[in-house]
Amino acid sequence: MKEHYYFDNAATTLPKPEPVYQFIDKFYRSHGVNPGRSGHQLAVEAEAMIVQTRRMLGEFFGYAGDPARVTFSQNATDSMNAALAGILNPGDHLVITRMEHNCVLRPANHFERDHGIEVTRVAADSQGYVNPEDIQKSIRPNTRAVVINHASNVTGSLQDAAAIGKHVRDSDALFILDTCQTAGVVPILMDDWGVDILVYTGHKGLFGPMGIGGMIVGENVDIKAPRVGGTGVNSISPFQPDEYPYRLETGTHCLPGIAGLHAGQKWFAELGKKHGAPEDATHGQACGAALAHIHEVESAATEQLVSAFEKIDGVKIYGPSIGQPRVATLSINIREMPADQVGAMLDADHAVCVRPGLHCAPDVHELLGTVAQNGTVRFAAGYFTDEEDIKQAIDAVKDLAEA
Ligand SMILES: Cc1ncc(COP(=O)(O)O)c(C=O)c1O
């Protein structure tokens, strides 16, 4: 019997792989200095760890450009705001979808209301899929960017980023991909898919701690500095350096966060070597094998949940059917019960941790018709979800549905 059965991995992954905790602790004790500022050996070594993490993340995301364009921030929300503010000008047109998180919806709404940006919101079908041709049709001569949530944090629907990227590439618009629900969960090929700006968060599938995220900015993209200040380089200059990463990174880095991503990347590579990658595989190849394995493990857990929930009278499942492209995030409701009430009962009576509510994605609930029920109850299995967790979740839902 566990104290908790954790199904809130779409909010943040728990636990992290053990080497992540260990490396953060060890590195912060031995090298907890201000990297890139002072010239002493410890600062140089801390900076070297950061540079290596940029390289590993670039390879992990299928990006072969300058690693200095793999940048760090507080989280995905911070980088998405910076990306949009850095490229949009009054009179521009922005395309987003109805599947977006508030990390995109709210900046888009503010740009539309306050800064003369036109916004088109492309609809999705009842299972949460956006038709790439609808994206193509929405692009205009003044479209500056198309922003897509790679996988829904409500339904788990995985969009066809390669097909969407092809359409965007045929235009003058930039393609921005929100990978919060897919980084560390499915392979992502930034260059092959024509992604211009890839936004990631560190604390979900990448297994870093909270407080770290960032974006990778393709070499063809020019982006304005979102914030200006100290960088530790060229301090005599009155203005922010144009060079990356300084253009997008100012002030002291979150060193423990980057250390966590660093250890996470090494853990992915090790896992890949245990699951099909040769010993001499590149970092990107090893991580590719790890991601194929992780996706298989998480898909099996999701299928178990979906097929058990389908058999319980009174349970409604939203989003993709079994076999459709998806991540592990899964939304249900039980009869007419408000989602928050179900979430509270799962926690109090069964120690099952889920996330009920709108999940910062109100448009998705308009689409699903779940606003009046206070949203949905979200189960998100992760790589460390085991049979005991799954059994507990199924028994708990059965219990509530029968009560
Ligand atoms: C699809 C999606 N985009 C963006 C975010 C925002 O991530 P963060 O809160 O780490 O900035 C989330 C987090 O829940 C998400 O699921």
Practice problem: Evaluate the distance, in nm, between pseudo-label points positioned 7 Å from the Cα of F384 and of Q74 along their respective Cα→Cβ axes. | Solution: 2.6 nm
Quiz prompt | Alpha-carbon radius of gyration plus Dmax, which is the widest Cα pair, for the stretch 40-179 in Å | solution = 16.8, 58
Self-check item: Gap separating the Cα centres of the stretch 71-123 and the stretch 337-403, nearest whole Å
Solution: 29 Å
Practice problem: Work out from phi, with θ = phi - 60° and the Karplus expression 6.51 cos²θ - 1.76 cosθ + 1.60, the ³J(HN,Hα) of each residue of the stretch 329-334, listed in order in whole Hz, and give x for Gly and Pro. | Solution: 5, 9, 10, 9, 9, 10
Practice problem: Choose one of S157, T385, S235: the residue whose Cα lies farthest towards the positive end of the charge dipole of the chain (beta-carbon charges +1 Lys, Arg; -1 Asp, Glu; about the Cα centre). | Solution: S235
Practice problem: Step through the residues of the stretch 357-373 one at a time and calculate ³J(HN,Hα) from phi using the Karplus curve (6.51 cos²θ - 1.76 cosθ + 1.60, θ = phi - 60°), rounding each to whole Hz and writing x for Gly and Pro. | Solution: x, 8, 6, 6, 9, x, 5, 5, 6, 4, 5, 7, x, 10, 5, 5, 8
Quiz prompt | Distant-in-sequence amide H partners of A124 (H built 1.01 Å from N, under 5 Å) | solution = R98
Quiz item: Most fluctuating residue of V221, V20, V70 in a GNM of the chain with Cα springs under 10 Å: which is it?
Solution: V221
Self-check item: Cα long-axis angle, helix 41-60 against the chain (0 to 90 degrees, to the nearest 10)
Solution: 50 degrees
Quiz item: For the stretch 143-258, what are the per-bin percents of Cα-Cα distances with bins 10 Å wide, up to the bin holding the maximum?
Solution: 13, 37, 34, 15, 2, 0
Exercise. Beyond 19 Å, what share of the Cα-Cα pairs of the stretch 248-368 is found? Please give it as a whole percent.
Key: 65 percent
Quiz item: What angle do you read, to the nearest 10 degrees and between 0 and 90, between the alpha-carbon axis of helix 387-402 and the longest principal axis of the chain?
Solution: 50 degrees
Quiz item: Rounded to two decimals, what ratio of Rg to Rh does the chain give with C-alpha atoms and a Kirkwood Rh?
Solution: 0.97
Self-check item: Helix-only mean residue ellipticity at 222 nm for the chain, each DSSP H run of n ≥ 4 adding -39500 (n - 2.57), per residue, nearest 500
Solution: -12500 deg cm²/dmol
Quiz item: Which whole-number percent is the relative contact order of the stretch 18-268 (Cα, under 8 Å, 6+ apart)?
Solution: 26 percent
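Every number here is computed from the coordinates shown, using simple stated rules; none is lab data. Just so we're clear, the structure is a prediction, and the values are computed from it rather than from any experiment. Don't worry about glycine lacking a Cβ; one is built from the backbone with ideal geometry, like all the others, and counts go over all protein chains shown.
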